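Engineer: One structure is given below, represented as structure tokens, and several questions about it will come after.
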Amino acid sequence: MKRYFAALLATCAAAGWDAGASLSRANDSSAELAVGGLVFTKNADVSIESEDLTITPDTVTVRYVFLNQSASPVTLTVAFPLPDIDLADGANVAFPTGDPVNFVGFSTKVDGKPITFTINQRATLDNKDVTATLRDMGIPLLPIGARQLKINELSQQTRDRAVAAGLLLQSGTNDKGEPLYEPTWTLKTSVVRQQTFPPGKPVAVEHRYRTSVGLSFDSVLRQGLRQKKGLESEVQRYKTNYCILDDFLRSIDRLAGADEANKAGIVERRISYVLKTGANWAGPIKNFHLVVDKGQPDRIVSFCGDGVKKISSTAFELRASDFTPTRDLNILIVSRR
């Protein structure tokens, strides 16, 4: 992509909402997980003929067509890497599902048929693998949902041992005065399988998962905030990451007004997608098709892309030939609640 276009659809016909929200991530925001596409062992024989990528606030669907250009079958290790999760900040992460293993609800098909895969997880702390230690203590690698309670069900001896090892930190108490604990390790997760590509025959690979949406009950791009000198660097970061244009800012102003307080109840949604893994096969992506659907007409959206076109009241598309991704995709959606 040599230049970038912000896809806009402004409206003021949104329902009003009043809340005393702040920009504090710890209190009212959740961070999006930057999930992406398939990663292959680098191979000069397998090319990607097409990629159709559709991103909505609910689901991400990607359909690839691969072609083995050699005269013999090629078997590759195919990985779907999920983002590393720093459990020290885990309370602020937007997990699409409550499954501690497949926490994005990943599924995949090859030539239209569902296939099985292996999910590998390991925990690290200060670059040391602590997976076996946690399992020996009976501590879940990703203590989300109901599993969060199991930490507090551990024996005092086990909890003391985990605290001494730096795996748990006490963080306040519950309504009964019992101590609560937070994990400190980083979780690494990947979906792995073997895929054989026959010579000269296209192979369609499709995967789908739930979107991880970062959420903030305000936006630094509101006029009442973005004009503050102390927020200049953060505003610039947004402009760079999401290719924000002046028209987009004017649209936010029509939604939010100029008050310093968030009286209009502006909500910000963020989606990240790792595109750069698409540069790992033979040659560029011959036909690339992206659809970004913001979900509701009364939302405004901005993302980086060349030649983006509006195709419906909520969706925008980008098409490119011989496409080599050089940057990842960040999508910003702003609306009233």
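Engineer: Taking only pairs six or more apart or across chains, which ones have beta-carbon atoms under 8 Å, a first residue in the range 200-218 that is farther than 16 Å from Val334 by Cβ, and a second residue that is charged (D, E, K, R) and crowded, with 16+ Cβ neighbours inside 10 Å?
Structural biologist: Listed pairs, sorted by first residue: Ala204/Arg63; Val205/Arg63; Glu206/Arg63; Ser212/Glu32.
Engineer: Then there's this: If you go through the range 191-212, how many residues are crowded, with 21+ Cβ neighbours inside 10 Å and not in a strand (DSSP E or B)?
Structural biologist: The total comes to 2.
Engineer: Going through the range 208-230 one residue at a time, which ones are at pLDDT 90 or above and aliphatic (A, V, I, L, M)?
Structural biologist: Val220, Leu221, Leu225
Engineer: So, Leu67, is that one in contact with an Asp or Glu (Cβ under 8 Å, 6 or more places away or on another chain), modelled with pLDDT of 90 or more and surrounded by 14 or more Cβ atoms within 10 Å (Cβ to Cβ) or not?
Structural biologist: Yes; evaluated as a whole, the condition is true for this residue.
Engineer: Further, regarding this structure: Hey, among the residues in the range 133-151 that are of a type outside the set (A, V, I, L, M) and closer than 12 Å to Pro183 by Cβ, which one's modelled with the highest pLDDT?
Structural biologist: Pro140
Engineer: Further question: Taking the range 96-152 as the region of interest, how many residues are surrounded by 12 or more Cβ atoms within 10 Å (Cβ to Cβ), among the β-branched types (Val, Ile, Thr) and closer than 25 Å to Ala204 by Cβ?
Structural biologist: 5
Engineer: Would you mind stating whether Asp259 is without any contact (Cβ under 8 Å) to a residue 60 or more places away in the chain, assigned by TED's automatic domain parsing to the domain that holds Val62 and either surrounded by fewer than 17 Cβ atoms within 10 Å (Cβ to Cβ) or in contact with a Phe, Trp or Tyr (Cβ under 6 Å, 6 or more places away or on another chain) (or both)?
Structural biologist: Spelling it out, Asp259 is indeed without any contact (Cβ under 8 Å) to a residue 60 or more places away in the chain, assigned by TED's automatic domain parsing to the domain that holds Val62 and either surrounded by fewer than 17 Cβ atoms within 10 Å (Cβ to Cβ) or in contact with a Phe, Trp or Tyr (Cβ under 6 Å, 6 or more places away or on another chain) (or both).
Engineer: Conditions: (1) loosely packed, with under 12 Cβ neighbours inside 10 Å; (2) at pLDDT 90 or above; (3) of a type outside the set (A, V, I, L, M). Lys176 meets all but one. Number of the miss?
Structural biologist: Of the numbered conditions (1) loosely packed, with under 12 Cβ neighbours inside 10 Å; (2) at pLDDT 90 or above; (3) of a type outside the set (A, V, I, L, M), the odd one out for Lys176 is (2).
Engineer: Could you run through the range 155-167 and say how many residues are surrounded by 14 or more Cβ atoms within 10 Å (Cβ to Cβ) and in contact with a Leu (Cβ under 9 Å, 6 or more places away or on another chain)?
Structural biologist: Count: 6.
Engineer: Something else: Kindly provide the set of residues from the range 285-300 that are at pLDDT 95 or above, in contact with an Asp or Glu (Cβ under 6 Å, 6 or more places away or on another chain) and β-branched (Val, Ile, Thr), ordered by number.
Structural biologist: Across the range 285-300, the qualifying residue is only Val291.
The values are calculated or read from the model by the stated rules, or taken from the named source; none is laboratory data. Keep in mind that what you see is a predicted model, and the values were worked out from it rather than measured. Glycine also receives a Cβ, built like all others from the backbone with ideal geometry; neighbour counts cover every protein chain displayed.
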